[in-house]
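Participant: Pasting in a structure now, in structure tokens, and then I'll have a few things to ask.
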Amino acid sequence: MIKSFALALVAAGTLGAALAADAPAAKLTPAQELEKVVAQVRDELQAARADVVAKGLTLTAEQAARFWPVFEEFQKEQNAVIDAQLKATQTYAENYAKLTDADSLAYVTALLERDEKIQDIRTKWLKKFQTVLPPGMAARVIHIDRRLGLMSQLKIASLVPLVR
């Protein structure tokens, strides 16, 4: 399982690097660079999440028929929170040069609220996944999702300057 997860992450990173290598050599502003990475992270996360979960679970046909529609709803709920965070991060980066203390505080507060919302979603959906999967498999789904989320947060955070 760990090897499959690692391979999926390496593949996602390699794909991103390959796409970047094919891009024209035009110099991007920091805001444009962040916008590009935000779009890539969103696309990679959404595409990779289901693939990594599928590789991390061994589902019977019956379990799969019950699980995947529930998982799609889980993704939709998470995507709303993720998209809001990506938009807030992009706005923060675009306006970084003229941020006030209040702007910085608002951004960090938004990050903390995002973390809380994602935690609440995962807690709620762990219970829902247990209605269609055995408890251990439901826990695995959330564990995989959490790892993917941490990796995407690290990727975004590495591109965003610290508040002043």
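The values are calculated or read from the model by the stated rules, or taken from the named source; none is laboratory data. Not measured: the values here are computed from a predicted model. A quick note on method: Cβ atoms are made from the backbone with ideal geometry, for glycine too, and the neighbour counts reach across all protein chains shown.
Participant: Residues to consider are Val108, Val52; find the one that is at pLDDT 90 or above and within 15 Å of Ile144 (Cα to Cα).
Facilitator: After ruling out the rest, the residue left standing is Val52.
Participant: Which members of region 96-126 meet the condition of being of a type in the set (Ser, Thr, Tyr) and in contact (Cβ under 8 Å) with a residue 40 or more places away in the chain?
Facilitator: Tyr96, Ser104, Tyr107
Participant: Still on this structure, I have one more. Here are some residues: Asp103, Asp83, Asp120. Which one is at pLDDT below 95, part of a helix (DSSP H, G or I), under 21 Å from the mean Cα position of the chain (by Cα) and of a type in the set (D, E, K, R)?
Facilitator: Asp83
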